[in-house]
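Worksheet for the structure shown next.
The values are calculated or read from the model by the stated rules, or taken from the named source; none is laboratory data. What you see is a predicted model; the values in this text were computed from it and never measured. Backbone-built Cβ (ideal geometry, glycine too); neighbour counts: all protein chains shown.
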Amino acid sequence: MFIHAVMVAAILVIVWMTNWVYRWRNPRCNGKLPPGSMGFPLLGESIQFFKPVSSFDIHPFVKDRVKRYGKLFKTSLVGCPVIVSTDPDFSHFIFQEGNSLELWYSDSFMKLIGQHKLTTSTGVTHKYLRNMIMDQFGPEKQKEKSLLEMEDMARSTLYSWSKQESVEVKEAVTTMSFGLGSMKICSYDPSKYSENLKDKYTSFIKALICFPFNIPGTLFHKCIKDQRRAISMLKDLLTERLHSAKKYGDFLDVVVEEMKKDDPLFDVESAAYFVFAVLFASFETVALAITLAINFISDHPSVLQDLMGIQFQLVGQSWCALQLFILIRKNTMTHLPSIHGGGRARDQIQLQRTSWLLVEA
């Protein structure tokens, strides 16, 4: 009798597991799902997605699935069902339409950037924060002062490179762009601190695409500790500015003025996370874009010769020269990785399922 009960229980477990695996691999949807694979239950295709690559090319995970399924495919990453779009027209329509998706970021990104709504805000708040940034770093401000500062730093950096036998371009460009960005945003002086803020950001970048396991010994755990130190440094800086009448002419002055209003948008903690995010956005994408541009130009001597020739002309008087710069910029930007976020589908898309994520690759 006992053996029969065990056999029945085993059969029921097998039937349940078979049904569960089938439902995992063939998820229900009121609309029409694109082709693709959901991978292993719970784990999905996370291992293939998080596999590190050293190439500037499209990640093999995306490239292989585009060849197999097309420009739109389904998958599962860290237990989340995901629709990946590599079709620029479709992605442009979705983002322009604006009603079918709500902003979403990966768990690792949210844990590192902070759970504050300001860092992932939408609507009126997002527009207000964007205007704050544009007032400080918009085209007019760039013309007034920033372009000259950028040129001076670029000249000094190139001069220092000329004295070296070889240069690690990515590291050198990162140092240059972080130095300028941190100076414009918070007048950061590394000599005043025992720890280097740039090193914390470098560690932060490494954790953006990794399993968000906050366990001692893991990369993510180390990055969480570095992020907390960076936030602590920014909090101290904000607190110091709040109790000082001195003006530095940087973005932090704008944030502090907002904090002093009767109905402030920031407190010290949320302001620290906001400045942390702005500083990250200001240097990492610039450093990577410059590195890629140098790499591509070095691989194509004819382009380098054309650019050197343009330096002896006024670019504003030559449309062809301007077109060449635009072409180089576009080809550089196409190789930049997208931000580690996407959109969570509402009930307006054909998918019509709120648990699906749409990610542009």
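Give, as residue ranges, the helices (runs of 4 or more DSSP H) completely inside the stretch 185-273 that count at least 3 residues that are over 17 Å from residue 175 (Cα atoms), in contact with a Leu (Cβ under 7 Å, 6 or more places away or on another chain) and outside the structural domain of residue 45 (by TED's automatic domain parsing).
By residue number, 219-242, 251-259.
So residue 38 ticks every box in (1) crowded, with 17+ Cβ neighbours inside 10 Å; (2) more than 30 Å from residue 205 (Cα to Cα) but one. Which box is left unticked?
(2)
Might you let me know whether the stretch 301-313 holds any residue that is part of a loop (DSSP other than H, G, I, E, B), at pLDDT 85 or above and not hydroxyl-bearing (Ser, Thr, Tyr)?
For the stretch 301-313, residues part of a loop (DSSP other than H, G, I, E, B), at pLDDT 85 or above and not hydroxyl-bearing (Ser, Thr, Tyr): absent.
Under 8 Å by Cβ, and 6 or more places apart or on different chains, what pairs join a residue from the stretch 252-278 that is free of Cβ contacts under 8 Å to residues at least 40 places away in the same chain with one that is of a type in the set (Lys, Arg)?
Here the result reads 253/241; 253/247; 256/241; 268/235, each pair linking the stretch 252-278 to a residue that is of a type in the set (Lys, Arg).
Only one of these conditions is not met by residue 67: (1) in a helix (DSSP H, G or I); (2) surrounded by 12 or more Cβ atoms within 10 Å (Cβ to Cβ); (3) charged (D, E, K, R); (4) at pLDDT 85 or above. Which number is it?
Status for residue 67: all satisfied but (2).
Can you name every residue in the stretch 155-175 that is crowded, with 16+ Cβ neighbours inside 10 Å and in contact (Cβ under 8 Å) with a residue 40 or more places away in the chain?
Those that are crowded, with 16+ Cβ neighbours inside 10 Å and in contact (Cβ under 8 Å) with a residue 40 or more places away in the chain: 169, 173, 174.
Hey, could you check the stretch 181-197 for residues that are surrounded by fewer than 19 Cβ atoms within 10 Å (Cβ to Cβ) and in contact with a helix residue (DSSP H, G or I) (Cβ under 9 Å, 6 or more places away or on another chain) and say which is nearest to residue 51 (Cα to Cα)?
196
Regarding the stretch 30-44, can at least one residue be identified that is hydrophobic (A, V, I, L, M, F, W, C), farther than 22 Å from residue 109 by Cα, in a strand (DSSP E or B) and not assigned by TED's automatic domain parsing to the domain that holds residue 212?
Scanning the stretch 30-44 turns up at least one residue that is hydrophobic (A, V, I, L, M, F, W, C), farther than 22 Å from residue 109 by Cα, in a strand (DSSP E or B) and not assigned by TED's automatic domain parsing to the domain that holds residue 212.
Restrict the check to the stretch 216-227 and report whether at least one residue is exposed (fewer than 12 other Cβ atoms within 10 Å of the Cβ) and either acidic (Asp, Glu) or under 25 Å from residue 77 (Cβ atoms) (or both).
Checking the stretch 216-227: at least one residue is exposed (fewer than 12 other Cβ atoms within 10 Å of the Cβ) and either acidic (Asp, Glu) or under 25 Å from residue 77 (Cβ atoms) (or both).
Restricting to the stretch 274-290, count the residues that are surrounded by fewer than 20 Cβ atoms within 10 Å (Cβ to Cβ) and either aliphatic (A, V, I, L, M) or at pLDDT 80 or above (or both).
6
Just need a number here: residues in the stretch 81-102 that are closer than 23 Å to residue 37 by Cα and at pLDDT 80 or above.
8
Against the conditions (1) at pLDDT 80 or above; (2) in the same structural domain as residue 281 (by TED's automatic domain parsing); (3) surrounded by 17 or more Cβ atoms within 10 Å (Cβ to Cβ), where does residue 136 fall short? Just the number, please.
(1)
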